[in-house]
1. By the gyration tensor of its Cα atoms, with a ≥ b ≥ c the square roots of the eigenvalues, what is the shape of the chain: rounded for a/c under 1.5, prolate for a/b over b/c, or oblate?
2. Under 29 Å Cα-Cα from K237, which lysines qualify once same-chain neighbours fewer than 8 residues away are excluded?
3. Given contacts defined as C-alpha pairs under 8 Å and at least six residues apart, what's the relative contact order of the chain, whole-number percent?
4. Of K183, K281, how do they rank once you tally other Cβ atoms within 10 Å and put the fewest first?
5. Apply the a/c threshold of 1.5 to the C-alpha gyration tensor of region 14-62 and tell me whether it is rounded, prolate or oblate.
6. Could you tell me which helices of the chain pass both thresholds, a Cα extent of 18 Å or more along their own axis and a mean Kyte-Doolittle hydropathy of at least -0.5, with helices taken as whole DSSP H runs?
7. Counting Lys and Arg as +1 and Asp and Glu as -1, what is the net charge of the other residues whose Cβ lies under 12 Å from the Cβ of A77?
8. With the cut-off at 1.5 for a/c, could you classify region 5-146 from its C-alpha gyration tensor as rounded, prolate or oblate?
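Taken together, the values in this text are just the output of simple stated rules run on the coordinates, not laboratory data. Note that the coordinates shown come from a computational prediction; the quantities given were computed from them, not determined experimentally. Note that each Cβ is placed from the backbone with ideal geometry, even for glycine, and that neighbours are counted across all protein chains shown.
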Amino acid sequence: MPQGLKLITGSAHTELAKEVAACLGIHLGDATVTNFSDGEILVRLNENVRGSDVFVLQPTSMPVNDNIMELLLITDALKRASAGRITAVIPYYGYARQDRKVQPRVPISAKMVADLITAVGINRVLTVDLHAGQIQGFFNIPVDNLYASPILLDYIKKKYDTDHLVIVSPDAGGVERARAFAKRLQSSIAIIDKRREKVNECEVMNVIGDVAGKDALILDDMVDTAGTMTQAAAALKEKGARNVSAACTHAVLSGAALERINNSVIGEVIATNTIPLDDKKEQLKKLTVLSIAPLLGEAIKRIHEESSISSLFV
């Protein structure tokens with residue numbers, strides 16, 4: 001590898017950072033990130049970074065605000081230590097769902113976080129599967145939004161019989177994603193039409209498409225509380241689906257998600273490790289975690305070498 005590349009991480013996802021460093025053939029940068037007794041974050045760089053091309057790997061997942069603050073403080077330390085260029089590697093971009101005003105007098109939080117990242121002096125952002133691609137426009141610096149689809153597709157092709165597989169979008173907004181997956185797998189597609197018939201009544205899940213006797217794979221960019229996903233799975237079973245699985249890039253799994261999935265008809269949940277999932281794997285035996293370290297490592301290598309990464313946008 002060319003000289004000058006450094007990879008530093010906060011406390012959010014050290015395991016992924018170690019995997020990426022191994023893919024790059026470098027040692028993880030020496031930095032201390034800890035807390036004072038009053039909760040304030042302490043960041044200290046323990047090695048020289050002057051003139052270096054530094055990549056800071058920090059998903060802004062739970063605890064979201066602490067992880068964002070760590071990213072900002074690490075960046076400030078790097079700027080004051082005369083780092084040559086700073087790229088924030090954010091596998092999961094927190095606040096991404098708050099990307100527009102859906103009611104009066106609320107913030108556009110995704111834009112505000114982008115402003116913070118830009119203002120602190122980060123030169124470039126590398127992320128994975130933004131909830132809305134338009135968030136790239138919230139930044140006034142280059143943003144590379146990679147897709148985890150090749151990793152998910154490779155696993156699905158090996159594990160599932162694609163001749164009897166139907167890709168299911170859990171809502172109308174995910175149809176384009178489901179169609180792209182189905183095209184590559186040469187599989188059919190179905191859509192969950194979710195609607196509330198009356199106020200205070202449960203949502204009704206209507207299945208558009210033929211799923212009878214097929215293996216249904218619900219596809220989404222993220223799974224948070226898993227309410228929609230588990231309801232969709234039940235509706236697919238009612239319509240005659242043979243088996244139901246789910247796949248996503250970001251497994252947020254907050255609230256009652258683990259309990260809901262464990263008690264559901266879903267046989268397997270496939271996710272990438274954009275968010276640390278070690279503790280949840282023990283509680284959710286249905287969870288299969290795929291590593292995005294090779295994808296991030298290749299993107300970092302190409303950015304460092306100033307070569308094209310367009311072939312990774314598939």
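1. Since a/c reaches 1.5 and a/b is larger than b/c, the shape of the chain is classed as prolate.
2. K157, K158, K159, K183, K194, K198, K214, K280, K281, K285, K286
3. Result for the chain is 14 percent.
4. Neighbour counts put them in this order, fewest first: K183, K281.
5. The shape class here is oblate.
6. 64-80
7. Once all neighbours under 12 Å are counted, the net charge is 0.
8. Prolate, because a/c is 1.5 or more and a/b exceeds b/c.
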